[in-house]
Structure formats: structure tokens, C-alpha cells
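These notes are about the structure you will find just below.
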Amino acid sequence: MAGQASPLFSIVTPVYQPPVDVLADTIASVRSQEHTDWEWVLVDDASPDPEVRRVIADASADDPRIRLVARDTNGHIVAASNDAVAEASGEFLVFLDHDDLLTPDALAEMARAISGEPEADYLYSDEDKVGEDGELFGRFPKPDWSPERLRGQMYTSHLSVMRTALVREVGGFRQGYDGSQDHDLALRVSERARRVVHVPRVLYHWRAVAGSAAADIGAKPYADDAGRRAVQDQLDRLGIAGTVESGREPGRYVIQRRLDPSLRVSLVIPTIGQSATVFGERRVMVVDTVRSALARTEHEDVEVVVVHDTPTPPEVLDQLREIAGDRLVLVEYTLPFNFSQKVNLGCLHATGDRLVFLNDDVEVISPRWLENLVGPLDEPDVGLTGAKLYFSDGSIQHAGHGYWNKHYHHPFRYWTRDEAGPFGELVVNREMTGVTAACSAMRRDAFLEIGGFPEALPSNFNDVDLCYKVAHLGYRTVWVANCELYHFESQTRDGAVLPWERHFVVRRWGIPDVDRFTPAAVATPMMDPHRLLDARLAEPRATTRRTGSR
Amino acid sequence: MVEPAGNDPRVARLESDNEALRREVVDARHSLLVNRDHVVGTEAEIGRLNRDILRMQTELVASRKRIRALQNRKKGLMTRTRDLEAKLKAARTRNQQLREELDRQVAARVPLSRRVVRRLRGRG
């Protein structure tokens, strides 16, 4: 419970024509708060039904902490929200919609988090949805603070608590961003916040009724455009070179990065020059890797560093010379297989300021893959980026690493290319604990600072250790959803893992427990398709009945 | 007469030296990189060990508290045991005394047969 030093929370709620019984539920949820140091400013935005004001006025008469501000004209959500912010006297603003519910411990949990993080300027919690029948569903276990993900979607959403002074400093809500005014504010506040804190508990029930954004992400089409502009504004404010596009579903945004033409990017590819059958044709893997990599980028200053084992056939090297010309740097590797050492040597021979680690068994699919992969590294606190990789059947092989429950995981493996993931995880860029080295990128300075790949791990877990090192030195790792490649992993790799390899990583970093960016509750529904098929075959009647009842 | 650069043995030697130096620089940078990995890894291991130590210390403090609580409980139970033993001893002593008293009383009583004989003889 809050003590004497606990902050005063100002709950702010713009109100426009909610169903009165729903508004009464919202009022009840605030009045049942365990934490008692709050005030509530409700701004009625000229609701046509006088009953709305009467319900608020009655609540205000019962509890002096509740204040009604009545607007004479309907100014829409931005004006009403700004009126509420102007009236607030608390140290923190709590944003509550007129038909949603706070959990009884919502403010108490926020007060506890603030007391543990005195520099917190912005706090957000997990949330779920409440249906018309009062049933709770759709719990969203959120990641810890992820600035890149906030550009891709308004993931912090409910419950958001912001320091009042900072909200006023950035000018409150902005006109012209209706429908995504909260996203725009979150972007601007987070740029100046000393600390952004995630409270990993559901403190907010978002009401999902027909026509609401909670029930249908596309219910407010104008909001998508406003959100896209809000994200573009942030890129422009921060000097990030890129263009924001609407994503595959409303409320998701895709950033097309631009690279400084004078920036040299070095692709570092270890190989032994082997061939395999892919899509029904015999290929020299590394040749097609280099060909697709160069074909699907507009960036010109690309150096291709191929670290080849001595047995690599000379004709393979000739083909590489033909494709890459004078951009090719060949480094012969004469020692027994050691992936880490090969990549390290390649990087030391590379002359680019950006290093891209590429396996020799990939094929680039998406245009501008290199710009999108390398672009985020312009932000000084981003140390590593990774890509989205598919098996040859189009199912996901890699959408970032997740380290939890004593294991290192590939969350979302076997999902399909057209799926957005549970909360847009598969279509927005986001911070992750780790990414695979099969296709990833680093700034040269960060690579040298962390000591490159661990050569004590020649085969497995070298990328896991690298990712841990990146985080250890305070850098963010960003997974890039619009950098897509096929990874024909099974064609070239023996997946056997030895116990000592795992022990090496555990000795340095401990046993993985809880992942900060991919909560296990979100990612665990990944299943092997064969197991999924078994499960479906075991329950054919239940599936049929459900379908037939609709 | 100036020797063409391509045939000049000095140029060839310089190029060879240059190549050797370049390899040496790469080797040195490679050693530095591996060393840096070792340093970062060692730092991480120390950090992990410190966290483990901290956790163990916390668990140790909690265990010590529990031991102290158990010791106090044990002490209380021992005191109670001693009290109960003393009471048992006293009860046993009293029991013994009562038995002896009873035995004395039983011994002091004239048996029925003798009382009958005495009455019959007119002396009772």
C-alpha cells in the first residue's frame, strides 16, 4: 500500500457518449483502488446524452476526488484530453478511457514501481481485454522497454502512466493525430524520459465492444495514418534516415531505412564452397548467397569478404570474382573448422564501418534488405541487428532468440510468412535478447569492443554468447522484420550440440530464466508442424463442431 | 637507366615485406580481439559469480534466521521437556508414596479370617 511519500496520481479521462452502465463500471473500478492518493479529471466532450454528465456529477458528489469538466462544444479526443491534463494537479498522469477498467491494484502497483525507480518518467503495464459479457481475454504480456518496437506499434498502450511535468514539457497531445494521439505522445515522452519502466502485471482491462479498437484493430482507419505520421515525425526529430509505411495490418508500421551512400558495408561470409539441391536445382550455396545479397540492395558501397576453407573449389572462387568483381576480398582459412574464428578473421580483413555476418546457405528475399538491416545501427545504442529467416517451405526458421526457462529458444519457429504473430511480433521491428548469426549486423566499433565471436565456441552457441556480450555492454539488439531471407540450414549444418558448449555460455551468463523482450507466454505456442498435425488429428470432432456452429 | 618497377627486386622485396607486415598486423588485431572476448567473458563470469554469491548470501541469511528460529524452538521444547520430566518425576514419587501408604494400610488391616475367628471366640 502507498505510504506518505507515495505520488498523487491524476487519472485523466476524456468522455464522449459512453453507454452509461459501462461508464458506471469504469467509475466503480477507480473508486475501488487500493491506493487512495488519486484525483480523477473527467472531461465530458459535450456528450449528447445528459445522463452521462449526471452519472459523473453523482460520482463527484459522492467522492470529492472526482472532478467533472464540462466542455460546451465537442472538441474531439485531443482537445478533451488536453483539457484534462491542464486540470491535473498530480505528479503523474494516468490515462484511462471512458469505458475501460482498472484492476483494484493498478495504482498501488504503479506507486510501488515508482518507489523502486525514482527516475521513472513513463510506466506501462500489461493489459487484457474485457468482453461485453465481462469475460477477460487476450492478455498481452509486454516486453520491457523497446523503443524500436514502439515505432512499429503502440505496444505500451494501457495502462500508461506519465510524469505530468514531462507531458506538459512536450506540449501534451497534438492536434491532427486523433486516433493515434496516445502513440504520438508516448513517442515524444519516451524521447525525453529518464527511465521507461515496464510493470509486468495486468493492470488494465480494455473493453472490446463492437466498433472499438480493442475488438477490431482496423475500426479507426484514420488512426493508422495518424500513427504513421507520428512515427515519421519521431524519425525526423531524431535524425533517423527512413520512411515509415503502413504495415500489413492497421496499427503496425514498417520503416524503410536509408543508408548514407558513403558508408561502406562489409558482408562477411564463411564458406567451404559446397553445393546442395535447393528448390529442385543444384546450387553452389555461397554463390547464390552473394548473388541475391548484391541484387536486392540499392546500396553501392558493399564489400564482400569471403573466408574460404582451403578445400573450396577454385571454380567457386572464380564465380564469386565474376559476381562481386573488385568488391570481393578472399581470405583463405587453413585451420580446422571454427565458425567464430572464420568470421572474426573476415571482419579483421573487412574495411567497412558496418559488418554483416552472413551464412553461405542463405538467399535474400526482400528488397532493400541491407538498408533495413544495417540502418538501425546508426543509432549509437543499437549494437546488433538480426533478420527474419525462413525454411525453404516458407515457415519461419528464425524470428529472434528467446532465452528463458533454462534454454535458448527460437520463438515463433514454424509460423508462416503471412502470419503477424500474437501481438504483431512477426511484422514489426523490435528489441530482442538475441538474434542468429546466420544474418546479422554490427557496427565495427561495437564488434571490436565486445571482442567479436567467442573462438572457444567453434560451432554452437557462438551467436548466443555474442548477443549476451552486446547486451552486457549496454547495447540494444534489434530484430528487423522487413529483412527477409531463406536459410537452408539443414542443407549445410549438423545440429548436434555438445554439453560443454552450453556449459561455456552458462558459466559466463548464468542459466536463462525470464526473457525481457519475448515473454514465454507469448512465444511458447510455437510447435513443430508434425506435432501440431498430430494434435489436430487427435481432436477432429471438436474442431468440426466449432466450425459448424458458426 | 631506371629499372621498371615490376622487375625491380627492391620493389618486390618491399611488397613482400609489406605483405608480411600486413599479416602481422592482422595477427596482432586477431590476438587483441580474442583477448578482448576473454576479458568481456571473464567480466561476465565474475558478474555472474557475484550475483550467485549475493543470492547465496541472501539464502544464507534466510537459512541462518531459520536455524536461529529452530534453535529457539528447540530450546523451548527442551525447557518444556525438562518441566514435564520434573512433573513426571514428582508424580512418580507421589505415586510411589501412595503405593507405599496403601501397602502399609493393607498390611495394617486384620485379615477377615482372623476377625471371624476372634468374633467366634467372643473377643471381637
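Coordinate-derived values only; no laboratory data. These figures come from a predicted structure and were not determined experimentally. Here the Cβ is made from the backbone with ideal geometry for all residues, glycine too, and neighbour counts use every protein chain on show.
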**Message:** Could you tell me the calculated FRET efficiency between residue A:191 and residue A:498, based on Cβ-Cβ distance and R0 = 51 angstrom, to the nearest 0.05?
**Reply:** 0.65
**Message:** Checking the a/c ratio against 1.5 first, then a/b against b/c, what shape does the Cα gyration tensor give for region A:265-531?
**Reply:** rounded
**Prompt:** Rounded if a/c is under 1.5, else prolate if a/b is larger than b/c, else oblate: which is region A:368-518, with a ≥ b ≥ c the root eigenvalues of its Cα gyration tensor?
**Reply:** rounded
**Asked** Taking R0 as 45 Å, what's the FRET efficiency between residue A:245 and residue A:137 from their Cβ-Cβ distance, rounded to 0.05?
**Response** 0.90
**Message:** Counting other C-beta atoms within 10 Å, and keeping those with at most 13, which DSSP coil GluC sites (Glu not before Pro) do you find in region A:77-184?
**Reply:** A:119, A:132, A:135
**Complete:** Dividing the mean separation of Cα pairs under 8 Å (6+ apart) by the residue count of chain A yields a relative contact order in percent of 12 percent
**Message:** With angles folded into 0 to 90 degrees, how steeply does helix A:50-62 sit against the dominant principal axis of chain A? Use alpha carbons for both and round to 10.
**Reply:** 80 degrees
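Test of understanding: ordering A:442, B:78 by Cβ neighbours within 10 Å, fewest first, what list do you get? Write down the numbers at each step before the final one.
Details: A:442 26, B:78 10.
Neighbour counts put them in this order, fewest first: B:78, A:442.
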**Prompt:** Based on the Cα gyration tensor of the protein assembly as shown, what are the three equivalent ellipsoid semi-axes, each the root of five times an eigenvalue, rounded to whole Å and given largest first?
**Reply:** 64, 44, 25
**Message:** Can you pull out the GluC sites (Glu not before Pro) in region A:415-498 whose DSSP state is coil and whose Cβ has at most 16 other Cβ atoms within 10 Å?
**Reply:** A:419
**Message:** Could you check the spin-label model distance between residue B:90 and residue A:513? Points 7 Å from the Cα along Cα→Cβ, value in nm.
**Reply:** 5.5 nm
**Fill in**
Here, residue A:91 and residue B:109, labelled 7 Å along Cα→Cβ, have an inter-label distance in nm of 8.8 nm
**Fill in**
Checked against a 24 Å limit on the C-alpha separation, the offending pairs among A:129/A:220; B:65/B:89; B:65/B:87; A:142/A:406; A:220/A:388; A:406/A:469 are B:65/B:89; B:65/B:87; A:220/A:388
**Item:** Sites residue B:22 and residue A:459 - FRET efficiency at Förster radius 25 Å, r taken between beta-carbons, to 0.05
**Value:** 0.30
**Message:** With a cap of 12 neighbouring Cβ atoms within 10 Å, and only residues DSSP puts in a loop, list the trypsin sites (Lys or Arg not before Pro) found in region A:331-436.
**Reply:** A:406
**Asked** So what is the 222 nm mean residue ellipticity for the protein assembly as shown from helices alone, if each DSSP H run of at least 4 adds -39500 (n - 2.57) and you divide by all residues, rounding to the nearest 500 deg cm²/dmol?
**Response** -14000 deg cm²/dmol
**Asked** residue B:79: net charge of surrounding residues, Cβ under 14 Å, Lys/Arg +1, Asp/Glu -1, itself excluded?
**Response** +4
**Fill in**
Computed over chain A: longest principal axis from alpha-carbon atoms vs helix A:462-472 long axis, angle to nearest 10 degrees, is 40 degrees
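Among the DSSP beta bridges whose two residues both lie in the protein assembly as shown, what percent are antiparallel, rounded to the nearest 5?
45 percent
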**Prompt:** Got a sec? How would A:508, A:53 order by Cβ neighbour count within 10 Å, fewest to most?
**Reply:** A:53, A:508
**Message:** Ratio of alpha-carbon Rg to the 2.2 N^0.38 Å globular estimate for region B:8-120, to two decimals, please.
**Reply:** 3.56
**Request:** Would you mind counting up the charge near residue B:100? Only other residues with Cβ under 14 Å from its Cβ, with Lys and Arg at +1 and Asp and Glu at -1.
**Result:** +2
**Asked** According to the square roots a ≥ b ≥ c of the eigenvalues of the Cα gyration tensor, what is the shape class of region A:9-247, taking rounded for a/c under 1.5, prolate for a/b larger than b/c otherwise, and oblate for the remainder?
**Response** rounded
**Complete:** In a Gaussian network model of chain B with springs linking alpha carbons closer than 10 Å, the residue among B:90, B:28, B:108 that fluctuates most is B:108
**Item:** Dmax and Rg, reported as Rg then Dmax, of region A:360-439 (C-alpha, Å)
**Value:** 12.8, 37
